[in-house]
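Here the structure is laid out as structure tokens; the discussion comes afterwards.
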Ligand code: FAD
């Protein structure tokens, strides 16, 4: 992938060259756990820079995150990034979780504020002994030990931000509190990523921002995407997926083709890496990755 444009290397914990990484979540039962481990082994063959493990998202528990990240660290050649969300926790509990992460061999944390449980768009109330914003969690992680720290970035701006200026100001403050890199919310328009990156750079911040790639291969996923994020879904893609509603093979092809074009353009624009959301089913992410690698090696020839 070195055929692509410039990308930051200084201080980037995932080494030189665009990084490839994948997001998973702790499985809810034994059957899903087996499928998850098959998926992890498939991804391991690509030697990704890291695999991330979500925290509390989709009803999973703190124990689930620690246990999955611990096993990835102990039983695979991959480096787990454990997410940590501040919502609902006192600072003492957050420090305790970080101590458990360290004991479990986890050296990398994605520090998040989290959303209100139940209704992610409901009123945000900090824990009385907790923190209000992610930058405070970044400070706690920094004090807790020798972790690399990632934070969240929002190409369409955080839904609770009043305007772009305050959004960028707070993001930059979060980076300056000690973030090594950021990972974005899913998005479907490359311009949104570029606008965010350029605004952050114009504010004097050079924290690398890794775009998240969400493969959209099924029209039924689209409403779920809307629930999970405020990402604007391209109408044309929605129509094409709708037309292929009863043809999963064609829908897969359409989604992979769209995401591959996005990923190639992001790398050409100098994105520091690609972080694939897998929803624990990495087939589409792997197809996109192979297509991107194929394009990169033919560019190089
Ligand atoms: P913050 O950076 O605190 O920002 C929240 C809002 O507060 C923003 O509008 C910001 O501008 C504003 N703000 C920040 N600082 C200040 C200040 N000093 N004064 C006034 N306003 C301020 N959630 C989970 O629960 N578990 C997960 O595993 C998980 N994984 C995620 C992974 C990624 C890559 C992303 C992008 C999100 C993930 N989330 C997860 C969701 C995330 O927790 C929510 O999107 C949350 O709303 C984002 O918080 P943040 O960490 O960006 O918060």
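Since every read-out is calculated from the coordinates, none of them should be taken as a lab result. These numbers come from a predicted model, not from an experiment. Glycine gets a Cβ as well: all are built from the backbone with ideal geometry, and neighbour counts include every protein chain shown.
Here are some notes:
- Ordering of 111-118, 150-157 by packing [mean C-beta count within 10 Å, highest first]: 150-157, 111-118
- For the range 58-137, the calculated P(r), taken from all Cα-Cα distances in 5 Å bins from zero up to the bin holding the longest distance, is 3, 15, 25, 23, 18, 10, 5, 1, 0 percent.
- Cα gyration tensor category, rounded, prolate or oblate, for the range 40-104 with a/c compared to 1.5: prolate
- Prolate/oblate/rounded call for the range 225-301, Cα gyration tensor, a/c under 1.5 rounded: prolate
- Cα shape, the chain, gyration tensor, a/c 1.5 rule: rounded
- With neighbours defined as other Cβ atoms within 10 Å of a residue's Cβ, the residues 164, 14, 37 order from fewest to most as 164, 37, 14.
- Rounded to 10°, Cα long-axis angle of helix 30-44 versus longest principal axis of the chain: 70 degrees
- Least to most buried among 205, 175 (fewest other Cβ within 10 Å first): 205, 175
- Degrees, to the nearest 10: 248-268 long Cα axis against longest axis of the chain: 70 degrees
- Estimated [θ] at 222 nm from DSSP helical runs (n ≥ 4, -39500 (n - 2.57)) normalised by residues in the chain, nearest 500: -14500 deg cm²/dmol
- When 222, 168 are sorted by how many other C-beta atoms sit within 10 angstrom of their C-beta, beginning with the fewest, the order is 222, 168.
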